[in-house]
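Engineer: Structure incoming, see below.
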Amino acid sequence: MTDIKAKMTSPAQPPTPELDEQEKQLLAEIEKHKMPRATAQSAFTGIMTTENLGVSYGDFLAVSNVNLGFVKHEITALIGPSGCGKSTVIRCLNRMNDLVPGAKVHGSVRYHGTDIYDPSVDVIRLRRHVGMVFQKPNPFPKSIYDNIAYGPRVTGMKPDSMDEVVERALKGAALWDEVKDKLKQDATGLSGGQQQRLCIARTIATSPEVILMDEPCSALDPIATAKIEDLMEELARSYTIIIVTHNMQQAARVSHRTAFFTAEADEHGKRIGKLVEFDTTERMFSNPSDPRTEAYISGRFG
């Protein structure tokens, strides 16, 4: 994508204030958990990368030292036990953690080389390029049509035909044939699986390059889950997809690469989320390099 920083930047912001003593202590804690640059797992690049990414809430360090690279037109799965920081990490990738009081992001997240936490980056424009589908379907209390048109309208898109945008997005989410005759009906009347595909359609209506999915099938039945998984494989032809899932079979079925996270206690007994291993899904599930990964995948913990 050309001139991506120009598309995401906003007017200059005031300088960042100096750190207080508590923040300095927290940064010292983060430094202890960093991997040496030479061994960081971000050795390969992608359209989106993280380097020594960490997130804290107040003085609590929730996750630290995450080095990942996401490849164009691939599906990457983030797996691991509850509380290991998977959802925290995925929410960093389009700055959803900005909305969490007390949350602070450390390290860097780069999209086409631009640090998305640079003060000049316009968050609304960023989220047009890096969309998100949440765990629970969240259609707006509007018509099906207005749900899809909402994103293009609020981001200032000026398509020649909004009808075409809506139809293309619904077709892209494999929902058009089911709703084309009831576009003016309330979207909350759809089934759970249809609502989640509607949310995917709403995301792709703004023509993003990356789609983040935070456990998109956890609230769905097996039939609806299968439809979403089939849809993900189709979407990967046009988009880069990053998915958080507790379902290891799902990760094995749909993803090209997998990142395994766990949570380990520090010397003070505080549990900190960490990236253990990041590899191709085939290798991760057949011959993981870390015994903790093998233990989790084989069901011995988690």
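The values are calculated or read from the model by the stated rules, or taken from the named source; none is laboratory data. Quick caveat: nothing in here was measured; it's all calculated off a predicted structure. As a convention, Cβ positions derive from the backbone with ideal geometry for all residues, glycine included, and neighbour counts pool all protein chains shown. The protein model used for the area step is the full one, side chains on, heavy atoms only, and it has no ligands, DNA or RNA in it. Shrake-Rupley method; radii C 1.70, N 1.55, O 1.52, S 1.80 Å.
Engineer: Could you tell me which residue out of Thr203, Cys217, Leu231 lies farthest along the dipole of segment 185-233 toward its positive end? Charges go on the beta carbon: Lys and Arg +1, Asp and Glu -1, centred on the Cα centre.
Structural biologist: Most positive-ward Cα: Thr203.
Engineer: Apply the Karplus parameterisation 6.51 cos²θ - 1.76 cosθ + 1.60, with θ equal to phi minus 60°, to every residue of segment 139-147 and state each ³J(HN,Hα) to the nearest whole Hz, in sequence, with x for glycine and proline.
Structural biologist: Calculated HN-Hα couplings, in order: x, 6, x, 9, 5, 4, 4, 5, 4 Hz.
Engineer: Once the piece of chain linking Asp266 and Lys136 is laid out straight, how much longer is it, given 0.36 nm per residue of separation minus the C-alpha distance between them?
Structural biologist: Here the segment from Asp266 to Lys136 would lengthen by 43.5 nm.
Engineer: Next question, about the same structure. Which of rounded, prolate or oblate describes segment 120-164 when judged by the alpha-carbon gyration tensor and an a/c cut-off of 1.5?
Structural biologist: Values: a/c = 2.45, a/b = 1.10, b/c = 2.23.
Because a/c hits 1.5 or more and a/b fails to exceed b/c, segment 120-164 counts as oblate.
Engineer: Here's another thing I want to ask about it. List, in order, the whole-Hz ³J(HN,Hα) value for each residue of segment 207-219 obtained from phi through the Karplus relation with A = 6.51, B = -1.76, C = 1.60 and θ = phi - 60°; use x for Gly and Pro.
Structural biologist: 6, x, 9, 10, 10, 9, 10, 9, 6, x, 10, 5, 9
Engineer: Could you state the accessible area per residue of segment 240-302 in Å², with a 1.4 Å probe and every protein chain left in place? Numbers along the way, then the final one.
Structural biologist: Values: 3050 Å² over 63 residues.
Accessible area per residue, segment 240-302: 48 Å².
Engineer: Also, I was wondering about something else. With Rg and the Kirkwood Rh both taken from Cα atoms, where does Rg over Rh land for segment 180-302? If you can, show how the numbers build up before the last one.
Structural biologist: Details: Rg = 17.4 Å, Rh = 16.6 Å.
The Rg/Rh ratio comes out at 1.05.
Engineer: Here's another thing I want to ask about it. Please give the residues of segment 163-201, grouped as numeric ranges, whose backbone N is less than 13 Å from a label point set 7 Å along the Cα-to-Cβ vector of Ile223.
Structural biologist: The answer is 191-194.
Engineer: So, one more: Whenever you get a sec, compute what percent of the accessible area on segment 90-216 sits on carbon and sulfur atoms (1.4 Å probe).
Structural biologist: Result for segment 90-216: 47 percent of the exposed heavy-atom area is carbon or sulfur.
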